[in-house]
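Notes for the one structure printed next.
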Amino acid sequence: MAIVTAQRLVTIERHIAEQEHLHPHATGEFSRLLRDLLLAIRLIAREVSRAGLTDILGLTGTTNIYGEAVRKLDSYANEVIIRAMEPGGHLCAMASEESAGPIILPPERRGKYILLFDPLDGSTNIDVNVTIGTIFSIYRRPVEDTSREPSIEELLQPGCRQVAAGYVCYGSSITLVYSTGRGVDVFTYDPTLGEFFLTVEQLRIPRRGKQYSINEGNALRWDPRLQQYIQYLKTPSGDGSRPYALRYIGTAVADVHRVLHYGGIFMYPADSANPNGKLRLLYEANPLAYLVEQAGGRASDGTRPILSIQPHSLDQRVPLFLGSPEDVAEAEAFLRGEHPWQRSAAATAL
Ligand code: P6P
């Protein structure tokens, strides 16, 4: 499916302004929130692009709340986003995968939005120049009352309540992909101008792809029906639609970015060692699922739509299957044990 590149010379600021009049209750506050976030993204992009030249690679010598080693760029990105967003008065709260608990804004700077983010996804890839990313998710506060401190329940909204979500890929080029509920648009950063230009308008994911993305190193720990699905993808078919190619970068943002453009399926499933998978529902799965669905794709935990899941904690993990609608539906059929191939001789030979 041809990717329609944008024909207009539109910066993201112009795009946000154009979208603003489309929002039923546009007050400009949402636009200003996005502009504050863009400042943080520009600062992170600058540090990522010169990480090898400044003393910002490597470890901080500290660990995060999950006991994982924190890298300098992780910590930098987290601080930059928090500091860029605090003064604007658009948020009542924010929460980061890299922070111990939610950051509640004081009454004098308390707005109606909630920002959840993963400041730097794929940080184990930082020191070897492999694509990493920032993921963000924006909700409205259920009840606007600046006098009342936001409760944790207000941050635990299902992904279907997102008003916007996006990610940035810091790779061969710096790409911002975001949606405010009217499809997905892609912007490419020109560091010489400090501008994000619209490069793909209304991105649509192919109905089916020919690539699958999963960490095969965990294969022996998978559910047998998932093993059957992966074997099915590897088994040549008469019509040439299989085998699929395996592509796995180890940064969810990068793997999902490829699936959004080329189609196919990205999976981080549960396994015998990780009963809920590895990826965070609020900071990774929800924003990525929102974008994939806005592009015409499908995202589930293997049985339920990701965006329908009621979160019970900020850092909960969830199995993730997302990508082309036909591929994800096929994976779900295998997980239910209902795919015809599972009854064939090939499958029983496993
Ligand atoms: P594994 C990066 O650390 C991350 O959180 C995701 O971006 C990525 O998809 C996943 O972990 C990779 O995990 O276990 O395959 O190394």
Taking protein heavy atoms only, a 1.4 Å probe, and rounding to whole percent, the accessible area of the chain owed to carbon and sulfur comes out at 52
Where does each of 167-179, 250-262, 309-321 land if you order them by average Cβ count within 10 Å, highest first? 250-262, 167-179, 309-321
Rounded to the nearest Å, the spacing of the alpha-carbon centers of the stretch 263-314 and the stretch 123-139 is 17
Rounded to whole Å², per residue accessible area for the stretch 211-349 with a 1.4 Å probe reads 38
Can you run phi through the Karplus equation (6.51, -1.76, 1.60; θ = phi - 60°) for the stretch 268-278 and list ³J(HN,Hα) in whole Hz, with x for Gly and Pro? 10, x, 5, 8, 5, 8, 10, x, 10, x, 10
For the stretch 292-302, in order, what is each residue's ³J(HN,Hα) by Karplus, 6.51 cos²θ - 1.76 cosθ + 1.60 with θ = phi - 60°, in whole Hz (x at glycine and Pro)? 5, 5, 5, 8, x, x, 9, 9, 9, 8, x
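Please report, largest first and rounded to whole Å, the three semi-axes of the ellipsoid equivalent to the stretch 211-349, where each semi-axis is the square root of five times an eigenvalue of the C-alpha gyration tensor.
Details: eigenvalues 112, 57, 37 Å².
Three semi-axes, in Å: 24, 17, 14.
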Quick check: pseudo-label points 7 Å beyond the Cα along Cα→Cβ at residue 62 and residue 188, how many nm apart are they? 3.7
Pick out, from 292, 279, 218, the residue whose Cα sits farthest towards the positive end of the charge dipole of the stretch 211-349, with +1 on the Cβ of Lys and Arg and -1 on the Cβ of Asp and Glu. 218
Can you work out the Karplus-derived ³J(HN,Hα) for every residue in the stretch 103-113? Use 6.51 cos²θ - 1.76 cosθ + 1.60 with θ = phi - 60°, whole Hz, and x for glycine or proline. 9, 9, 7, x, x, 6, 10, 9, x, 9, 10
Under 16 Å from residue 210, Cα to Cα: lysines that are on another chain or at least 8 residues apart: 234
In units of 2.2 N^0.38 Å, the Cα radius of gyration of the stretch 43-199 is 1.08
Give me, ordered by chain and number, the residues 5 or more places off residue 174 or on other chains with an amide H under 5 Å from its own placed amide H. 189
Taking the simple approach of a point 7 Å from Cα along Cα-to-Cβ for both residue 103 and residue 145, what is their distance in nm? 2.5
Dmax and Rg, reported as Rg then Dmax, of the chain (C-alpha, Å): 20.2, 67
What is the set of long-range amide H partners of residue 121 at a cut-off below 5 Å, with H atoms built 1.01 Å from backbone N? 133, 134, 135
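The values are calculated or read from the model by the stated rules, or taken from the named source; none is laboratory data. Worth saying up front: this structure is predicted, and the values here are computed from it rather than measured. With ideal geometry, Cβ positions are generated from the backbone for all residues, glycine too; neighbour counts draw on all protein chains shown. Note: areas computed on protein heavy atoms with side chains; ligands, DNA, RNA excluded. Shrake-Rupley method; radii C 1.70, N 1.55, O 1.52, S 1.80 Å.
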